[in-house]
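The values are calculated or read from the model by the stated rules, or taken from the named source; none is laboratory data. In this text the structure is predicted, and so the values were computed from the model without any measurement. All Cβ positions, even for glycine, are placed from backbone atoms using ideal geometry, and neighbour counts span all protein chains on display.
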Amino acid sequence: MKKSILAMIALCLITALGCQQSSGQQLKKYDPKRKMSKAPLEWKKFLTSNQYYIMVESGTEPPFRNAYYNNREKGVYVSAATGEVLFTSDDKYDSGTGWPSFVKPVNPKKIEIVTDNSDGMTRDEVIERSTGLHLGHVFDDGPADRGGKRYCMNSGALKFIKK
């Protein structure tokens with residue numbers, strides 16, 4: 001019994017760390033190779049400091065202490081930068097990681113998956129196609145009966161619009 005509990009704790013910790021960029025919320029500097037629709041200083045004019053940290057600097061908010069991880073209301077999640085609808089509450093599920101998780105985007109053409117080799121690991125990063133801004137990461141450990149994907153998004157990259 002104790003081994004099972006320890007194994008579950010270890011699995012939860014590994015899953016949570018997979019979404020987390022770096023400990024202590026270290027700022028990850030803007031990557032000049034990233035193609036964004038606007039220069040970082042332009043984004044800074046209308047994104048909040050948290051949105052800028054997440055979307056431009058590819059930061060990650062703390063698990064379980066963000067706006068939408070536990071949101072159960074019906075509606076849509078739009079880009080905090082553009083207002084484009086990216087995800088819907090119908091595709092949201094509780095992954096147990098502390099970040100809002102979705103099985104799929106509303107329109108796969110609105111996002112792009114790029115390789116992220118930061119922090120000593122390789123992950124699939126989700127960016128908004130029209131802007132080049134960071135939204136989160138996608139993993140292959142989502143619900144098998146719904147496609148097997150877990151789009152682990154940052155609440156700070158999204159705005160929720162209630163139905």
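Taking the options F139, F64, name whichever one is surrounded by fewer than 22 Cβ atoms within 10 Å (Cβ to Cβ), over 28 Å from S37 (Cβ atoms) and of a type in the set (F, W, Y). Working first, answer last.
Numbers: F139 fails: over 28 Å from S37 (Cβ atoms).
The unique qualifying residue is F64.
Could you check the stretch 132-156 and list, in sequence order, the residues that are outside any strand (DSSP E or B) and either more than 15 Å from the chain's Cα centre (by Cα) or free of Cβ contacts under 8 Å to residues at least 60 places away in the same chain (or both)? Let's see the steps before the verdict.
The first filter runs over the stretch 132-156 and keeps only residues outside any strand (DSSP E or B), leaving 132-133, 140-149, 154-156.
Selection gives D140, G142, P143, A144, D145, R146, G147, G148, K149.
Only one of these is at pLDDT below 95 and not polar (S, T, N, Q): E84, E42, E61, E73. Name it.
E42
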